[in-house]
1. Condition first: surrounded by 14 or more Cβ atoms within 10 Å (Cβ to Cβ) and assigned to a helix (DSSP H, G or I). Now tell me which residues in the stretch 162-176 satisfy that.
2. Taking Asp106, is it in contact (Cβ under 8 Å) with a residue 12 or more places away in the chain, out of contact with any His (no Cβ under 8 Å at 6 or more places or on another chain) and of a type in the set (Asp, Glu)?
3. Please specify each residue of the stretch 127-161 satisfying the condition of being outside any loop (DSSP other than H, G, I, E, B) and either within 30 Å of Ser97 (Cα to Cα) or at pLDDT 95 or above (or both).
4. Taking the stretch 83-111, which residues are part of a helix (DSSP H, G or I), touching a helix residue (DSSP H, G or I) at 6+ places or on another chain (Cβ under 8 Å) and more than 17 Å from Ser34 (Cα to Cα)?
5. Quickly run through the stretch 73-82 and pick out the residues that are outside any loop (DSSP other than H, G, I, E, B) and of a type in the set (Ser, Thr, Tyr).
6. What number of residues within the stretch 221-236 satisfy the criterion of being within 27 Å of Gly12 (Cβ to Cβ) and at pLDDT 80 or above?
7. For Lys80, which of the numbered conditions (1) surrounded by 16 or more Cβ atoms within 10 Å (Cβ to Cβ); (2) modelled with pLDDT under 90; (3) closer than 19 Å to Lys53 by Cβ fails to hold?
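The values are calculated or read from the model by the stated rules, or taken from the named source; none is laboratory data. Bear in mind that the values here come from a model prediction, so they are computed numbers and not experimental data. We place every Cβ from the backbone using ideal geometry, glycine too, and count neighbours over all the protein chains shown.
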Amino acid sequence: MYVWNGFSVFWGMSFNTSPHHHDTLQLVFDIERSFKLKDKDTDWQEYAAAIIKDGHMHQFDSNDSVQLFLYLDRETIYAKQLAEKYLSDRGINDLTSSDIRKLSNDFFKKLLVESNCDSLFNGCLVILKHLIQLDVPVQKDDRVEKALRFIAQSRSRQIMPKDVAAHVCLSESRIRHLFKKQVGQPLQNFILWMKVVDSLSLIVKGGKVEETAFATGFWDASHMNRSYKTLLGVSPGAIQQLEGKIKIITCNCKNLYTIKTTLLKSWRWDDIGNIITV
């Protein structure tokens, strides 16, 4: 699994699921033939590609084929544009109204074997460009750029939004507003995510919680544990138990977001069998 700020990518094959839902918007593309989906109101249907709304209960069958999965943080501008265009009146859309199939199977197969973060990221942008109109990046305010550099240089320190505000000579309310508008995330969340991702790299290598917390700017081990449970829904110790089961690669050392899948025993929302959070 490759993870960037706001989305992740992985491949799957030869599996099927029980009823479940994610807290992220999901895009699925078949590389060989087709896969199957069903939800509470429809029976199994075959798809070559699909977009699934965050929180929408569904079942998935890979149909003995291979799929590329993209998970987008529902709060990102891309996810909101996708949801508005394809999911305004439904939970699943087969994307036939898009021109996504102008991309050949060879394009997706190349992504399947791609291990370079930048190349894989660019491939995902190509996919998004076939689904929505991507805005041309605008140059950030110099004070936001300065704030980003300050945060990056202070990653082992216990900084607060007021420290960032003082560094860029703005009021705390003003830098919070500018930062959220141009970066797409609240300032406090960005700082905390940076710490979580930095510490995650050490935790998955077996680092001790107390030492890792100190090295990555948390107040203490308790602060780090609370932050993990708040943002990831799981403790650092539980993350370490995933070793050997899943490989997490954080690209560009940016902030990570949680992928939470709720497995249900039936189509009832309250009939929960298990919750898996990565």
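1. Of everything in the stretch 162-176, those that are surrounded by 14 or more Cβ atoms within 10 Å (Cβ to Cβ) and assigned to a helix (DSSP H, G or I) turn out to be Asp163, Val164, Ala165, Ala166, His167, Val168, Glu172, Ile175, Arg176.
2. Answer is no for this residue.
3. Once the filter is applied, which keeps residues that are outside any loop (DSSP other than H, G, I, E, B) and either within 30 Å of Ser97 (Cα to Cα) or at pLDDT 95 or above (or both), the stretch 127-161 yields Ile127, Leu128, Lys129.
4. Lys110, Leu111 - these are the residues of the stretch 83-111 that are part of a helix (DSSP H, G or I), touching a helix residue (DSSP H, G or I) at 6+ places or on another chain (Cβ under 8 Å) and more than 17 Å from Ser34 (Cα to Cα).
5. Of everything in the stretch 73-82, just one residue is outside any loop (DSSP other than H, G, I, E, B) and of a type in the set (Ser, Thr, Tyr), namely Tyr78.
6. Selection size over the stretch 221-236: 2.
7. Only one criterion is unmet by Lys80, namely (1).
Each row is one residue, and each column tells you yes or no for (1) in the same structural domain as Ala48 (by TED's automatic domain parsing); (2) farther than 28 Å from Thr216 by Cα; (3) β-branched (Val, Ile, Thr); (4) free of Cβ contacts under 8 Å to residues at least 40 places away in the same chain.
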{"site": "Thr76", "(1), (2), (3), (4)": "yes, no, yes, no"}
{"site": "Ala79", "(1), (2), (3), (4)": "yes, yes, no, no"}
{"site": "Ser88", "(1), (2), (3), (4)": "yes, yes, no, yes"}
{"site": "Asp94", "(1), (2), (3), (4)": "yes, yes, no, no"}
{"site": "Asp99", "(1), (2), (3), (4)": "yes, yes, no, yes"}
{"site": "Leu112", "(1), (2), (3), (4)": "yes, yes, no, no"}
{"site": "Met160", "(1), (2), (3), (4)": "no, no, no, yes"}
